[in-house]
Structure formats: structure tokens, C-alpha cells
1. Condition (residue is within 15 Å of the ligand (Cβ to nearest atom) and assigned by TED's automatic domain parsing to the domain that holds residue 197) applied to segment 58-72: is it met by at least one residue?
2. So for segment 77-99 (the condition being part of a loop (DSSP other than H, G, I, E, B) and within 14 Å of the ligand (Cβ to nearest atom)), does at least one residue qualify?
3. Residues 192, 216: which one is among the basic types (Lys, Arg), within 22 Å of residue 42 (Cα to Cα) and either more than 10 Å from the ligand (Cβ to nearest atom) or surrounded by fewer than 19 Cβ atoms within 10 Å (Cβ to Cβ) (or both)?
4. Just a yes or no: is a residue in segment 100-111 over 16 Å from residue 132 (Cβ atoms), hydrophobic (A, V, I, L, M, F, W, C) and more than 16 Å from the chain's Cα centre (by Cα)?
5. Within segment 33-65, count every residue that is modelled with pLDDT of 95 or more and in a loop (DSSP other than H, G, I, E, B).
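The values are calculated or read from the model by the stated rules, or taken from the named source; none is laboratory data. Note that the coordinates shown come from a computational prediction; the quantities given were computed from them, not determined experimentally. Please note: Cβ atoms are built from the backbone with ideal geometry, for glycine as well, and neighbour counts cover all protein chains shown.
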Amino acid sequence: MTLMEAIEARHSVRAYTDRPIPPEIRAELDRCAQACSREGRLHITVRYDDPDGFDSRLAHYGSFRNVRNYIVLAGEKNADFNLRCGYYGEKLVLQAQQLGLNTCWAALTFSKKNVRALLSPGESLCMVIALGYGETQGKPHKGKTYDQVAEGEGAPDWFRAGVEAALLAPTAVNQQKFRFAYADGRATLRARGLGTCLRTDLGIVLYHFEAVSGRRPDVL
Ligand SMILES: Cc1cc2nc3c(=O)[nH]c(=O)nc-3n(C[C@H](O)[C@H](O)[C@H](O)COP(=O)(O)O)c2cc1C
């Protein structure tokens, strides 16, 4: 599966089967998590066969079921911590999709107490991502259009392709509160309005845009 196919096939999946993740896929995910941690100056770990991360009343209320594996996005907090967690977390999400797994970002509906207990002293928790073999592949969400999130006269194909990929990215409560602009050969990306998890969302859409267009927008 190509990266673009993974972007198109990915939907949030909240109910998982008991099928364990095989050792060779774990090794692949762990390698990717380590590379992302190094590059992003983060501490990203994948927890396997550990149902405690989503074992809370809130997790059930949030309609998660049988989450036995998850990715922990943590590290030392600084100005762009949430942006970096979004960017590298989504890189792992798409890698997982390419390996035949399903995912769902979770800012609220997981057991913060149990996950925090896994952190090293001084580390902050951004959020987690549920991981595993879904009961289904999820389904496409209704989203905004190109014109609702992008502006710029005569934008080239790479910009359009990047924005289209960003429109397929997950955002908290499907809010899609981001805006791309094109001018003088360059792209910019900013959050728009008020919302929850906006900087993490921005990192996620930044990864989609960059992975498909090959260009990195200036994040404002
Ligand atoms: C930063 C972030 C936080 C999220 N937090 C939660 C959550 O706490 N509980 C939940 O059920 N879904 C959560 N989601 C999943 C979104 O609801 C989902 O991505 C969105 O509705 C779009 O659907 P899609 O991912 O299938 O495209 C989160 C997504 C993102 C990007």
C-alpha cells in the first residue's frame, strides 16, 4: 500500500478484534517510533497487549472497545510540543495503516492515570493513539472542501495535492480548523478560530500536506 493509498484508506476505528499484532509488525512499528522520537525530540512508545490504557469509564463512554495496543506520545514540553506530537504521531498512524492496522487518536477518552504511570519523570503526555486490527475499516467522514480551507491565486498542483491530502487527515471532533495559503511560490499553514487540540491537529495536517506535496509550509 502506498502512502497515498494509506491516506485514503485511513478512518478512525474504535472497536478492535483480539488478533494480536505479530512480532515482525511490532519490530517495524518500534523502529518507526524510535526514528520519530529521535527526529522529533520526543518519547514515542508503542504499548502492546496492554488493555489498561483504555480501561476507564470514559474510554467506554467514548465508544472505544477492546483497545489492547496503543501509541503513547510524550516528551519534554516546549512551545511546539503538540505540533511535533501531531506530526510524528500521524507519521506512525499512516505507517500502521500501511502495515494493515487501524488506529484512532484519543485526547480524552482513555485512562490518563494508567498512561501517565508509564512516563519517565519530567515527561509530559500529549495524547495516545489506539492501535490494532479493527472490527471494521471505519468509514469516510463528511468534511470541508478545498475552497473552505485554502486560498491563493494560481496555486500549483503540488499545493492542491497537499491540501487534498490534508482534508483526509483526522482532526479532533472532525473540526478541520486549519487554513492553507499559497503566495509567491510558498505555502503557509495556520489554525483558524477556536477549538480543542488545534496545535496537534495542525501537526497532523502538516504531515499529510508535506508527505504528498514534498513541500513544507511555514506554520504560522
Ligand atoms: C487530536 C485528536 C484527538 C482526538 N480525540 C478523540 C477522542 O478523545 N475520542 C474519540 O473517540 N475520537 C477522538 N479523535 C478522533 C476524531 O474524532 C476523528 O479523527 C474525526 O472525527 C475524523 O474522523 P476520521 O478520523 O475517521 O477521518 C481525535 C482525533 C484527533 C486528531
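1. no
2. No; the residues of segment 77-99 include none that is part of a loop (DSSP other than H, G, I, E, B) and within 14 Å of the ligand (Cβ to nearest atom).
3. After ruling out the rest, the residue left standing is 216.
4. No, segment 100-111 contains no residue that is over 16 Å from residue 132 (Cβ atoms), hydrophobic (A, V, I, L, M, F, W, C) and more than 16 Å from the chain's Cα centre (by Cα).
5. 5
The rows are residues; the columns are (1) in contact with a His (Cβ under 8 Å, 6 or more places away or on another chain); (2) of a type in the set (Phe, Trp, Tyr); (3) in contact (Cβ under 8 Å) with a residue 12 or more places away in the chain.
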| residue | (1), (2), (3) |
| --- | --- |
| 29 | no, no, yes |
| 36 | no, no, yes |
| 57 | no, no, no |
| 75 | yes, no, yes |
| 84 | no, no, yes |
| 87 | no, yes, yes |
